[in-house]
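Visitor: Quick one: structure below, then a few questions.
What follows draws every value from the coordinates through simple rules; no lab data is involved. The structure presented is a predicted model; accordingly, all values stated were derived computationally and were not measured. With ideal geometry, Cβ positions are generated from the backbone for all residues, glycine too; neighbour counts draw on all protein chains shown.
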């Protein structure tokens with residue numbers, strides 16, 4: 001009887017996990033390009049050495065997307081969490097913005113083969129649309145072609161599942177639509193690089209670099225554009241910041257306390273005068289979640 005109960009317990013656990021696989025697999029394709037934000041979030045939650053400027057780079061190529069970070073590299077806990085759907089190395093850590101386990105699965109919205117090289121770890125996952133999702137958590141240990149450069153702690157290579165040029169153009173367009181304040185509320189990331197590497201050897205792209213943090217009164221985000229990159233241009237965005245701590249926040253299982261810090265940033269020009277874009281202001285939850293034209297921020301009334 002004991003063995004039967006034990007087998008039944010294993011069977012139930014497998015069925016529960018299998019159902020979770022299918023649920024995750026079904027959600028991946030509703031918004032393919034959410035992976036940009038998920039990977040940015042993961043990069044912001046990584047561990048960095050004190051003497052480095054946390055940087056994440058996206059390299060777009062016709063057949064693959066390469067994401068590189070100068071983080072320290074994966075720990076055993078990170079590897080275990082990325083090989084699961086409900087486990088995370090970031091649970092109960094208020095200094096992180098997401099959960100490396102589930103968010104990472106978003107890469108399968110555009111890829112059917114994902115190779116991770118981080119420190120001494122080198123493995124890949126394989127999953128195709130329509131499959132049960134087990135491939136998303138089953139690592140295939142893979143010999144690294146070469147050692148990582150000294151300034152790269154983790155490299156993730158995504159092989160596209162859609163090989164049409166129209167898909168590649170839409171992926172580039174998704175990156176081109178990133179707001180110029182994309183790294184404003186990230187805790188650690190100081191620089192974001194996007195490079196479109198064409199087959200003819202030419203490269204276009206954009207770099208966002210942040211000076212100042214959420215705890216400061218001012219922040220500058222420098223944008224440098226190489227070639228043509230959507231509607232972006234090389235410029236500096238100046239922000240004025242104001243912080244407030246909200247108490248008695250409604251209960252949330254992933255929040256360790258009942259308080260939350262809220263930061264409001266106003267864009268200003270080089271003279272310190274407000275800049276209010278007609279298309280509205282971005283609302284952030286560490287990363288932009290929406291743009292609201294009707295935020296109740298008044299335009300300045302000129303003095304006569």
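Visitor: Over the Cα atoms of segment 125-183, what is the Rg over Rh ratio if Rh follows Kirkwood? If you can, show how the numbers build up before the last one.
Guide: Values: Rg = 15.8 Å, Rh = 15.1 Å.
Rg/Rh for segment 125-183 comes to 1.05.
Visitor: Between residue 53 and residue 291, what FRET efficiency follows from the Cβ-Cβ distance if R0 is 22 Å, with the result rounded to 0.05?
Guide: The value I calculate is 0.20.
Visitor: With label points built 7 Å along Cα→Cβ from the Cα atoms of residue 258 and residue 222, find their separation and express it in nm.
Guide: Simple spin-label model gives 4.5 nm for this pair.
Visitor: List, largest first, the extents of the alpha carbons of segment 160-288 along their principal axes, each in whole Å.
Guide: Here the spans come out as 55, 43, 27 Å, largest first.
Visitor: Here's a follow-up. With labels modelled as points extended 7 Å from the Cα through the Cβ direction, what inter-label distance (nm, one decimal) is found for residue 211 paired with residue 251?
Guide: 4.7 nm
Visitor: Can you sort 270, 122 by how many other beta carbons sit within 10 Å, fewest first? Show your work: numbers first, answer last.
Guide: Working: 270 7, 122 17.
Result, fewest neighbours first: 270, 122.
Visitor: Neighbouring Cβ atoms within 10 Å as the yardstick, rank 247, 137 fewest first.
Guide: The most exposed by this proxy come first: 247, 137.
Visitor: Each label point is 7 Å from the Cα along the Cα-to-Cβ direction; what then is the distance between the points at residue 148 and residue 63, in nm?
Guide: About 2.4 nm separates the two model spin labels.
Visitor: So, one more: To make sure I understand, if each residue's beta carbon is the centre and we count other beta carbons within 10 Å, what order do 226, 63, 237 fall in, fewest to most?
Guide: Ascending number of Cβ neighbours within 10 Å: 63, 226, 237.
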